[in-house]
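Here it is: the structure, laid out below.
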Amino acid sequence: FDKTAYKRRNVVERCFNRLKQYRAIATRYDKTALSYQAMIDLATLRMWL
């Protein structure tokens, strides 16, 4: 059991849970991979700002 690795894991899991709140990312309505990647980029930018 490594405490520092566990703390980093928690941050990543919380990030993915916040991304799942965006319905387009969770259900993947976009037909092309480029559109899907753009939606992920927009969602992560919105989270960081």
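Just so you know, all these numbers are worked out from the coordinates, no wet-lab data involved. Fair warning: this is a prediction, and the values are worked out from it, not measured in the lab. For neighbour counting, all protein chains shown are included, and Cβ atoms are generated from backbone atoms with ideal geometry for every residue, glycine included.
Which order do peptides 7-19, 34-46 fall in by mean Cβ count within 10 Å, highest first? All intermediate terms of the calculation are to be shown ahead of the outcome.
Details: 7-19: 10.5, 34-46: 12.8.
Put in order of decreasing packing, that is 34-46, 7-19.
Could you give me the ³J(HN,Hα) list for region 15-23, computed from phi with Karplus coefficients 6.51, -1.76, 1.60 and θ = phi - 60°, whole Hz, x at Gly and Pro?
5, 5, 5, 5, 5, 5, 5, 7, 4
If you consider only alpha-carbon coordinates, what radius of gyration and Dmax does the chain have, in Å?
Spelled out, the Cα radius of gyration and Dmax of the chain are 13.3, 41 Å.
For the chain, what is the calculated [θ] at 222 nm in deg cm²/dmol (nearest 500), taking -39500 (n - 2.57) for each run of four or more DSSP H residues and dividing by its residue count?
Working: 3 runs with 38 residues, N = 49.
Estimated from H runs of four or more residues: -24500 deg cm²/dmol.
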